[in-house]
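A.B. asks: I have a structure I would like to understand better, so I am pasting it below and will then ask my questions one at a time.
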Amino acid sequence: MSDLITADLVRLDADLGSEKHDVIRALAATVGEAGRATDVAQLADDAIAREGTSPTGLPGGIAIPHCRTAGVEEPTLAFARLSPPVDFGAKDGPADLAFLISAPAGGDATHLQLLTKLARALVKPAFTDALRAAETREEVVEIVADVLGTAPAAKPAPAAAAAAGSSASAGVATATAPAAATPAAATATRRRLVAVTACPTGIAHTYMAAEALEAAAERAGVDLAVETQGSAGSTPLGADVIRQAEAVIFAVDVGVRDRARFAGKPLVSSGVKRPIDAADAMIAEALRNADDPGAPRVEGSGSDAGAGSGAGTGGGETWGGRTRRVLMTGVSYMIPFVAAGGLLIALSFLFGGYEIVGPYGEIAVNNTLFNLPDVDALGLDHALFGSGLMAYIGALFFIIGKTAFMFFIPALAGYIAYAIADRPGIAPGFIVGGLAANIFGVVDGDGVGVPATGFLGAIVGGVLAGVIAHWIGSWKVPSWARGLMPVLVIPLLTSIIAGLLMLVVLGRPIGWLMDQLNDGLNSMSGSYAILLGVVLGLMMAFDMGGPLNKVAYSFAAAGVGGAALAADAPELKIMASVMLAGMVPPIALALATVVRPKLFTQPERENGKAGWLLGASFITEGAIPFAAADPLRVIPSIMLGSAVTGGLSQALDVSVRAPHGGIFVLFAVDGVLGFIIALVAGVLVGAAAVIVLKSTAKDPAVAPVA
């Protein structure tokens, strides 16, 4: 393994140009001259491209241009002490210390861990002061090597050793002082926070932000656990650590993996660079938010908080909890496809009329904005205003919506696999999900397709792909093959194995089960349909965005994709029951806070004001603050209201073609009067029930307040 930095990669008091791109190109050339670059131009271009996404200048006169690139085959660090300094976008002025950090596209675990140590050291003044005082290139190499822990033990660099301090490696790091140095009484009173840091390349800012937050937490006397989701790997925070935390900090420029683990926690959110500039302010803000009932919170049900992440979930997570987390991850990522696709299809019916499902292809191919379709010739009797323009827009919206809907089942499978195997599971999961939806349209000569296993097949296939990908990822392979595993070997082998199992072994049994489910659904009528509406209503209100809520929603949304369904189709009636039942809890509680405000605390009354809009928008999670404060009285009350609404919706034959939107998609509702009656009835019942139960409460915690 080559050293990360050598004397050939150091330039002292060098004039590398007046502009940051000149400096990057000069440092890339230095890497090439040292024999460490296979393509100097590629290295420079990739570093400049990364610089374009976010400036890499840091407070204190430091710049860290960095990238993943095919221009190097092993991680390399080039350093320049610039004279004159060059502006890299830091708020406090130009940089006189510049590090070019380059990592190969495939990655190398050992070297990447060294880079994370360097990134953590960069936020420590003693380290940068030592670099400014260095007189030779060899001294710079020794200072850096000492921080990385690669210098000989007999020749420590004092300044660098001080800078290294308690630098932690990648993964979870805590800012807790040693137990022996902390009195027991102080430990008992220390507050607890958690944080996640992540940047697009995961090389530098991820770990510098973590180090800065840890130092700030220690100054504030706060226990902080940080999960660094970077290139050197990520050790997920334990479920108990998350549960005990008072608030969470997300310092990220990319999505947080398994965000639902933190559901309900007070939140401070920023880009990954903010902690490097203002870590103390972020810790203080997190503590304030922890004490503020109205502070921003991580979306989702509090029942998801503390769930582990991916296949690497640590001990303490039960199989039931893991199963729930995996399914919830798939559903959470699936919902945007359903919502966007379903709303676009509903809008297409508004503009083009329900008949648009026939000639949409002909319109898209043969017409333009300057050659509008003839609505009479195409039989579009319900096009808005009888307009050819509206019909044209409706046809395009239908195509976009159906395309989005086609990804709903693959997304469900893909992100279930992701929850088990992390990123290597996504591609095979999507492929298996595509097989479940027969997205390729495989048919025989008579037009009979391979069994379409639908959302059941997506769940089974996603789990299968995730388990296989996780298993292959655990194989011990030579170091030269590690970079190929996540991008080639795991997706290829998993797709072959899981795909063949779905097509050859599982496809027909799951397809038969789906046929039976659809036949049973289509045969439901009368009292059975009302009972189904009641059950769906109970599920929607029980955990307000949790697993039962999502199962009911997924069951309903799966049927909306059949856009040509008649208005009285059972699938569309089920969607109406689910949407209406999900709207009831926040609105019912909002109404209760208006009718009997003294039964609620001031924060609850404030939450009630937001509940009107949240409920009207079909965001059931608006009821969570009330349920968290008084679950034994609130949850049964809203379940009763939602059950009434779900049953009435079925009894009044309400149907809706949009899978989301609440009152804002009334244009997609068939039976608007019934929609309103069912909603109002459930809201009144839910509000009355919660008022009665709270009025008779003897528990001082929930008794009426003055």
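A.B. asks: Tell me which chymotrypsin sites (Phe, Trp or Tyr not before Pro) from the range 418-457 have a DSSP coil assignment and no more than 15 other beta carbons within 10 Å of their own.
C.D. replies: Working: sites: Tyr418, Phe430, Phe440, Phe455; in loops: Phe440.
Those satisfying the criteria are Phe440.
A.B. asks: Right, next: If amide hydrogens are placed 1.01 Å from N in the peptide plane, which non-local residues have theirs closer than 5 Å to the one on Thr235?
C.D. replies: Residues meeting the amide H criterion: Gly171, Val172, Thr228.
A.B. asks: Can you work out the Karplus-derived ³J(HN,Hα) for every residue in the range 435-451? Use 6.51 cos²θ - 1.76 cosθ + 1.60 with θ = phi - 60°, whole Hz, and x for glycine or proline.
C.D. replies: Taking θ as phi minus 60°, the curve returns 5, 5, 8, 6, 5, 6, x, 6, 9, 8, x, 9, x, 8, x, 5, x Hz for the range 435-451.
A.B. asks: Anything over 31 Å Cα to Cα? Flag those among Lys20/Lys265; Lys20/Lys476; Lys609/Lys694; Lys265/Lys573; Lys402/Lys573, in the order listed.
C.D. replies: Violating the 31 Å Cα-Cα cut-off are Lys20/Lys265; Lys20/Lys476; Lys265/Lys573.
A.B. asks: What Rg and what Dmax come out for the range 377-447 when only alpha-carbon atoms are used, in angstroms?
C.D. replies: When restricted to the Cα atoms of the range 377-447, Rg and Dmax are 18.0, 53 Å.
A.B. asks: Report ³J(HN,Hα) in whole Hz for each residue of the range 483-495, in order, from the Karplus equation J = 6.51 cos²θ - 1.76 cosθ + 1.60 where θ = phi - 60°; Gly and Pro get x.
C.D. replies: Karplus-based 3J(HN,Hα) across the range 483-495 equals x, 7, 4, x, 9, 10, 5, 5, x, 5, 5, 5, 4 Hz.
A.B. asks: Taking amide H positions as placed 1.01 Å from N in the peptide plane, with prolines and chain starts having none, which residues 5 or more places from Ala247, or on another chain, fall under 5 Å of its amide H?
C.D. replies: Sorted by chain and number, the residues that satisfy this are Val194.
A.B. asks: Give the accessible area for Trp512 in Å² (nearest 10); use a 1.4 Å probe, count only protein heavy atoms, and leave out ligands, DNA and RNA.
C.D. replies: About 150 Å², rounded to the nearest 10.
A.B. asks: Next question. Estimate the FRET efficiency between Asp280 and Arg508 by the formula 1/(1 + (r/R0)^6), using the beta-carbon distance for r and 41 Å for R0, to the nearest 0.05.
C.D. replies: With a Förster radius of 41 Å, E is 0.10.
A.B. asks: Output the direction-averaged projected area (hull surface divided by four) of the convex hull of the alpha-carbon atoms of the range 573-658, in nm².
C.D. replies: Numbers: hull surface 21.3 nm².
Projected over every direction and averaged, the Cα hull of the range 573-658 covers 5.3 nm².
A.B. asks: Could you go through the range 454-468 in sequence order and give the Karplus-derived ³J(HN,Hα) for each residue, using 6.51 cos²θ - 1.76 cosθ + 1.60 with θ = phi - 60°, rounded to whole Hz, and x for Gly and Pro?
C.D. replies: Karplus values, whole Hz, x for Gly and Pro: x, 5, 5, x, 5, 5, 5, x, x, 4, 4, 5, x, 5, 5.
A.B. asks: In addition: Using a 1.4 Å probe on the protein heavy atoms, what percent of the accessible area of the range 426-523 belongs to carbon and sulfur?
C.D. replies: In the range 426-523, the share of accessible area belonging to carbon and sulfur is 71 percent.
A.B. asks: Hey, if you put +1 on the Cβ of every Lys and Arg and -1 on every Asp and Glu Cβ in the range 576-696, which of Gly647, Leu591, Ile624 ends up farthest toward the positive end of that dipole?
C.D. replies: Leu591
A.B. asks: Continuing with the same structure: Would you mind computing, in nm to one decimal, how far apart the modelled labels at Leu369 and Asp39 are, each placed 7 Å from Cα along Cα→Cβ?
C.D. replies: Modelled inter-label distance: 3.9 nm.
A.B. asks: Taking the Cβ-Cβ separation of Val442 and Asp515 as r and a Förster radius of 25 Å, what is the calculated FRET efficiency to the nearest 0.05?
C.D. replies: E between Val442 and Asp515, to the nearest 0.05, is 0.90.
A.B. asks: Modelling each spin label as a point 7 Å along the Cα-to-Cβ direction, I'd like the Glu138/Thr403 distance in nm, to one decimal.
C.D. replies: 6.3 nm
A.B. asks: Tell me which residues come under 5 Å, amide H to amide H, from Thr69 once H is placed; ignore anything under 5 positions away on its chain.
C.D. replies: Ala103, Ala105
The values are calculated or read from the model by the stated rules, or taken from the named source; none is laboratory data. A quick note: this is a predicted structure, and the numbers were derived from the prediction, not measured. No Cβ is skipped: glycine too gets one built from the backbone with ideal geometry, and neighbour counts run over all protein chains shown. For the accessible areas, the whole protein counts, side chains as well, though only heavy atoms, and no ligand, DNA or RNA atoms are used. Shrake-Rupley method; radii C 1.70, N 1.55, O 1.52, S 1.80 Å.
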